[in-house]
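These notes are about the structure you will find just below.
The values are calculated or read from the model by the stated rules, or taken from the named source; none is laboratory data. All values reported here derive from a predicted model rather than from experimental measurement. Please note: Cβ atoms are built from the backbone with ideal geometry, for glycine as well, and neighbour counts cover all protein chains shown. Each accessible area value is taken on the protein alone, full model and side chains, heavy atoms only, with ligands, DNA and RNA left out. Shrake-Rupley method; radii C 1.70, N 1.55, O 1.52, S 1.80 Å.
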Amino acid sequence: MKAYSDLGIDPVKAVEAALRVPISIHCWQADDVAGLEAGSGVADSGGIKATGNYPGRARHGDEMRMDFEKVLSLVPGVHRVNIHAFYAEPGKKKVDRDAMDLSHFQTWVDWAKSQKIALDFNPTYFAHAKAADGFTLSSADEGVRKFWVKHGIASRKIAAAMGKAQGGVCVNNHWVPDGLKDLPGDRWSPRARLAKSYDEIFAAKIPDEKLCLDAVEPKLFGIGSEEYVAGSMEFYSSYALSRKKLLCLDMGHFHPTEGIADKISALLTFHEGLLLHTSRPIRWDSDHVVLFDDPTRAVFHEVGAGQAWSQVKVALDYFDASINRIAAYVIGIRATRKAILYSLLTPHRELAQLQKEGKGAQRLALMERLKVMPFGEVWEECCKRAGVPGEAQWIKEAESYEKKVLAKRS
Ligand code: RNT
Ligand code: ZN
């Protein structure tokens, strides 16, 4: 700890601040992005794919919630849970995406309240017969396009109602898979229709609109949309800026060697806010479990350097079906929290000052010194304060939960 005080950093304050940054836990790692709709389980539809068949995936909402309670007991700090629309629980009747309302998520809302956590939301524009040809909001089929516009509007109403139930905003993130495997004959029309659809979605008047904070998520390519994705970075960056929406940056949605860290200061010079999807691409948008690695550290380094904590929302987005899913959650959530804490322990002002003074060598020297600081000690303190197991202990709890609960699922 003294090593940080010597640098002018108060580690206790850093820990307290790090614990307060909300991390939104994606519900879809629990069941390999299968969803709860009858006949769904189409994890590989719509440009994304969960690979692996490790036993123990959650098979219904109750198992998901049970798993989340275990996960929440092993991760320090403030968390939210991020629900996708196809995790609706309408009971015996079936409800299609265009007709969903808050009542279909009441179990989630009640559960969140019991856990004292807030929810975020996502419309699900994939894993559906009307998304089978790869186009939703940008579809040339007017019936299909309208169906998804209705779903978008429904999602905003649900998010706002969730916001009302929890007494604070609910982030509603829109991602569509729309794109083509091979060379398009027309790159223009789908983009024009995509903008038109979003304009229709956001024009609809909904109750408690202020409690629904909409974000839009670009992507460079996906499985089956290798050549063309209508909702590219340029498209959504321009859309979000001109329509005052949050822009979502997913760490896996760019060229394989392109990071998002450098984009943060550029975008926040103009945008009001960003939603960050922490993820880990390996050679493609593979959604590996997030680690406390250079790209993740770099993202939160930039947020800290710009003191932009209030302008970013942090959410996780990955799904690995090849390992214990509780551990997959815990590793990624803890890694994200570590990266937040690491940034809060960084003397950003001093680094900026050294740059201003043209002291390039001193700047590099300080950066190198930071890497050998006793970060682990502060992290253990962070876990202790939050009342969760330390780095050597939590995996044992995940193992015993696997033995007792997960191994019994078929
Ligand atoms: C897909 C996007 C999107 C999804 C989730 C399930 O490439 O990253 O965020 O992963 O909506
Ligand atoms: Zn994402």
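Looking across the range 99-146, the residues that are acidic (Asp, Glu), open to solvent by 20 Å² or more (accessible area, probe 1.4 Å) and either in a loop (DSSP other than H, G, I, E, B) or closer than 28 Å to Arg191 by Cα (or both) come down to Asp101, Asp133, Asp141, Glu142. Taken together, the residues in the range 166-206 that are within 16 Å of ligand 2 (Cβ to nearest atom), of a type in the set (A, V, I, L, M) and closer than 17 Å to Asp141 by Cβ amount to 1. Looking only at the range 271-286, decide whether some residue is assigned to a helix (DSSP H, G or I) and in contact with a Gly (Cβ under 9 Å, 6 or more places away or on another chain). No, that holds for no residue.
Of the residues making up the range 237-251, one or more are surrounded by fewer than 16 Cβ atoms within 10 Å (Cβ to Cβ), more than 14 Å from ligand 2 (Cβ to nearest atom), over 20 Å from Val299 (Cβ atoms) and of a type in the set (Gly, Ala, Ser). Of the residues making up the range 288-328, those that are in a loop (DSSP other than H, G, I, E, B) and open to solvent by less than 40 Å² (accessible area, probe 1.4 Å) number 10. Looking at (1) modelled with pLDDT under 95; (2) away from ligand 1 (no atom under 16 Å from the Cβ); (3) crowded, with 21+ Cβ neighbours inside 10 Å, which one does Ala18 not meet, given that it meets all the others? If we test Ala18 against (1) modelled with pLDDT under 95; (2) away from ligand 1 (no atom under 16 Å from the Cβ); (3) crowded, with 21+ Cβ neighbours inside 10 Å, just (1) comes out false. In this structure, Ala38 does not satisfy being surrounded by fewer than 21 Cβ atoms within 10 Å (Cβ to Cβ), in a helix (DSSP H, G or I) and more than 16 Å from ligand 2 (Cβ to nearest atom). When Met367 is tested against (1) in contact (Cβ under 8 Å) with a residue 24 or more places away in the chain; (2) part of a helix (DSSP H, G or I), exactly one condition is not met: (1).
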